[in-house]
1. Whether any residue in the stretch A:132-146 is at negative phi, buried (at least 18 other Cβ atoms within 10 Å of the Cβ), more than 12 Å from chain B (Cβ to nearest Cβ) and of a type in the set (Phe, Trp, Tyr) is what I want to check.
2. Does any residue in the stretch B:189-211 that is under 19 Å from A:Ala174 (Cα atoms) and within 11 Å of chain A (Cβ to nearest Cβ) come within less than 7 Å, Cβ to Cβ, of a residue that is hydrophobic (A, V, I, L, M, F, W, C) and assigned to a helix (DSSP H, G or I) six or more places away or on a different chain, and which pairs are these?
3. Examine the stretch A:159-166 for a residue that is assigned to a strand (DSSP E or B) and at the interface with chain B (Cβ under 10 Å from one of its Cβ atoms), and state whether such a residue exists.
4. Determine, yes or no, whether B:Phe219 is out of contact with any Gly (no Cβ under 9 Å at 6 or more places or on another chain) and over 26 Å from B:Val133 (Cβ atoms).
5. Determine which member of the set A:Val63, A:Val34 is away from every other protein chain (no Cβ under 14 Å) and over 20 Å from A:Pro187 (Cβ atoms).
6. Could you say which residue among A:His325, A:His305 is modelled with pLDDT of 80 or more, of a type outside the set (Lys, Arg), under 22 Å from A:Ser41 (Cβ atoms) and assigned to a loop (DSSP other than H, G, I, E, B)?
7. Only residues that are assigned to a helix (DSSP H, G or I) and within 11 Å of chain B (Cβ to nearest Cβ): list them for the stretch A:170-182, please.
8. Is at least one residue of the stretch A:99-119 surrounded by 19 or more Cβ atoms within 10 Å (Cβ to Cβ), touching a Leu at 6+ places or on another chain (Cβ under 9 Å), part of a helix (DSSP H, G or I) and within 8 Å of chain B (Cβ to nearest Cβ)?
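The values are calculated or read from the model by the stated rules, or taken from the named source; none is laboratory data. On a predicted model such as this, the values are computed, not experimentally measured, just so you know. For neighbour counting, all protein chains shown are included, and Cβ atoms are generated from backbone atoms with ideal geometry for every residue, glycine included.
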Amino acid sequence: MKKTTKRTPLVEVRELKKYYPVHGGLLKRQVAEVKAVDDVSFAIFPGETLGLVGESGCGKTTVSKAILRLEEASAGEVIFEGEDVLAAGGADLKRLRRDMQIVFQDPFSSLDPRLPVGESIAEALLVHGIGTPQERFERVLEVLRKVGLESYHAARYPHQFSGGQRQRIGIARALILDPKFIVLDEPVSALDVSIQAQVLNLLSDLQAELGLTYLFVAHNLAVVEHISHRVAVMYLGRIAEIAPRDNLFSKPLHPYTQALMSAVPKKHPADKKERIILSGDVPSPLNPPSGCRFHPRCPIARMGHCDVEEPQLRELEPEHWVACHYAEEFI
Amino acid sequence: MTVQDAAVPQTEVQDYRNNSLLFLTFRRLFRQRNAQVGMVILGFLVLVAIFAPALAPYDPDRSLIGIEPVEKRAGPCIHALGCPSDQPQHIMGVDGNVRDQYSRIIYGTRISLFIGFSTIGLAVVVGTLIGAVSGYVGGWVDNVIMRFMDVILAFPSFLLAIAIITVLGRGLQNALYAIAVVNIPVFARLVRSSVLSIKELEFVAASRSLGASPLRILFVRILPNAIPTLIVQATLSIGAAILEAAALSFLGLGAQPPLAEWGTMLGSERNQVFTSPHLVFFPGIAIMITVLAFNLLGDGFRDAMDPRLAQLTKR
């Protein structure tokens, strides 16, 4: 048996697809589909952080929203503790939502400007009918302290907080139902670098304290390296590579991952490393390239193979999965 | 104000009350010259409407023939300004049916304010429901509703109001319905566009991921955030509605004589503009001042709620 099958995943995404129809013409018929997420599968194990990285528009946010049913997926399954989230309805879905929460990217639009933040945080308890008003109030103060804010902050309005504080409030709102799994949708990309570190450390501390499982969506590799246990790299709606963090960062096997890594600034300006410059832009997901989606920009693509056959994820090293026909060259 | 350290949470609590968005908006509103003028006039008009029986020297609907020695359409007679004291005082003169014009103007305030608030109130409630459903549900529901609203909007609003009255029959009540119907698409479109933009914000998605029901999201999360724009439009529309009602009454389609409605008063004396100008002048001025007050207040609201302006005037 492989190492990966020993643990039971908390969340398992299977062949997830999200196509957006494009309507055009006089009769507004469907003329095409944007394949934002095309056949994505991965698993997240209890207590770990899976980093999900990729360029803008590669589908990483769509994946995270589809898992929480904030976007309806076109096809596929999301298994959470043995239950298919995508098939759940009504009361089942509401119950599942107690265990799955999200922290958003934009700390400015993620809080209702009309409400004191304490009420925004308490909404979850209200919706699920938990506790008396007094108990709810105490619970709000408790989570506020947990994310490093003071109890008197509960009575203030969102516009009175800084971006970092608001992001803490967003985290408090996600925590109040004691979820097992939290999707972090670029939680620090809108923040100053100094604040980013604080929020990331807060997230790590909370994970250690509460045994949380994270799906961490980001485009900043340094941030992902800091917080993730495993990392999945997405390109044009598909997963290119998925591996434990150290393995991925020390030895990326997919040419796209290698190009991404080479773009990360070095810690010391004197450190020189070969830059892999990709030519061209990300192709349109409306009409993705045939075969391997990366082949038009790939430095090692072989015509006649890469542009015909779509590579599947293969486990080349323990827990290191790559979707490339020629990844062996880099081992 | 008692012990320094014990008072800390207390001051914090007061602090937040004074900092809700609504409070800040109203503070800006009260600082605006336009809005100040509008509110003063409007406050005055409301007081006049409430205390009309005390303020009016005569019964607005009772003819003075055989009661007082005044002529039909007599001009203003003010004792303080040299009118002989043996003649009865009529500040704004007497109308064609020998009724005290001043008393009629005062009672007309009640009717005009009632018209403004009731028509726009109805239009806001119906329009908000239509627009909210349209914007939130989307798809073909949205298309059907909005095309229907477009049809209503395509008619010049006044002609449409006349058409509706033609069907329902003339009278103040039907004129109110007509004006409300004409205003519904305005609010439906406004609310729809607000809902469309607000429902994409992340706090709405957050609510959804917490497990809130669609109805709760629409009525507790989205609609309250659409209220500011709604207030601006409603205030401006009240002025327009009063004007429209006066115009309908002027044409004889709205309030019917002997009701003391400003538009009706204008209409019934319009042929005497040159011989008895006071009978047209005073109702006209009354309409103008009322509409002006609502427009000033509406403009003030709009400025107070404009976030760009809010930054400039930030304390």
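1. no
2. What qualifies is B:Val204/B:Ile198; B:Val204/B:Ile217; B:Val204/B:Ile222; B:Ser207/B:Ile217; B:Arg208/B:Ile217; B:Leu210/A:Ala124; B:Leu210/A:Val127; B:Gly211/A:Val127.
3. Looking for residues that are assigned to a strand (DSSP E or B) and at the interface with chain B (Cβ under 10 Å from one of its Cβ atoms), one finds none in the stretch A:159-166, hence no.
4. Answer is no for this residue.
5. So the residue among A:Val63, A:Val34 that is away from every other protein chain (no Cβ under 14 Å) and over 20 Å from A:Pro187 (Cβ atoms) is A:Val34.
6. Going through A:His325, A:His305 in turn, just one is modelled with pLDDT of 80 or more, of a type outside the set (Lys, Arg), under 22 Å from A:Ser41 (Cβ atoms) and assigned to a loop (DSSP other than H, G, I, E, B): A:His325.
7. A:Gly170, A:Arg173, A:Ala174 - these are the residues of the stretch A:170-182 that are assigned to a helix (DSSP H, G or I) and within 11 Å of chain B (Cβ to nearest Cβ).
8. No; the residues of the stretch A:99-119 include none that is surrounded by 19 or more Cβ atoms within 10 Å (Cβ to Cβ), touching a Leu at 6+ places or on another chain (Cβ under 9 Å), part of a helix (DSSP H, G or I) and within 8 Å of chain B (Cβ to nearest Cβ).
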